[in-house]
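The values are calculated or read from the model by the stated rules, or taken from the named source; none is laboratory data. Because the structure is a prediction, the values reported are computed rather than measured. Here Cβ is always computed from backbone atoms with ideal geometry, including for glycine, and neighbour counts include all displayed protein chains.
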Ligand SMILES: [Zn+2]
């Protein structure tokens, strides 16, 4: 796995490349205890430290992957449970993925201030994304399987 470091980010802490990382590199694998939605909600008011992997299944992510932040123009994505880079990253670049690619819960939304030119303004369920963006993420293989299978 390539070197990554935890540093202060725009909001809280984030994960950053510590060396050049080529596109298509696995930077980490999502693991952790499996918990249900009710338990995920009790962990944190926004239950955003957990990763949804099924209709009522969440992974309670450990550090450092728990600290990865969202962007509407991600440079990383989750292929099954592997965080992979979507393009070459330079040292110092923050590792960012689109939280909506793992969200189908009819519950949580968050105002997005990611600053990307294509920022949607809100982070919400995959089913609410523009269809062209859904197809883009599905073609890249970075939509969690429990969601992707609904679009076959
Ligand atoms: Zn955004």
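The residue that is nearest to residue 51 (Cα to Cα), counting only those in the stretch 129-149 that are touching a helix residue (DSSP H, G or I) at 6+ places or on another chain (Cβ under 8 Å) and free of Cβ contacts under 8 Å to residues at least 40 places away in the same chain, is 148. Residue 40 meets all of the listed conditions (1) at negative phi; (2) surrounded by fewer than 19 Cβ atoms within 10 Å (Cβ to Cβ); (3) modelled with pLDDT under 95 but one, namely (2). Only strands (runs of 3 or more DSSP E) whose full extent lies in the stretch 45-152 are considered here, and the ones with at least 2 residues that are closer than 23 Å to residue 14 by Cβ and within 16 Å of the ligand (Cβ to nearest atom) are 76-79. In the condition set (1) farther than 24 Å from residue 140 by Cβ; (2) exposed (fewer than 13 other Cβ atoms within 10 Å of the Cβ); (3) touching a helix residue (DSSP H, G or I) at 6+ places or on another chain (Cβ under 8 Å), residue 60 is compliant with all but (2).
From the list 35, 53, 21, the one residue that fits, being over 17 Å from the mean Cα position of the chain (by Cα), within 26 Å of residue 124 (Cβ to Cβ), surrounded by 13 or more Cβ atoms within 10 Å (Cβ to Cβ) and modelled with pLDDT of 90 or more, is 35.
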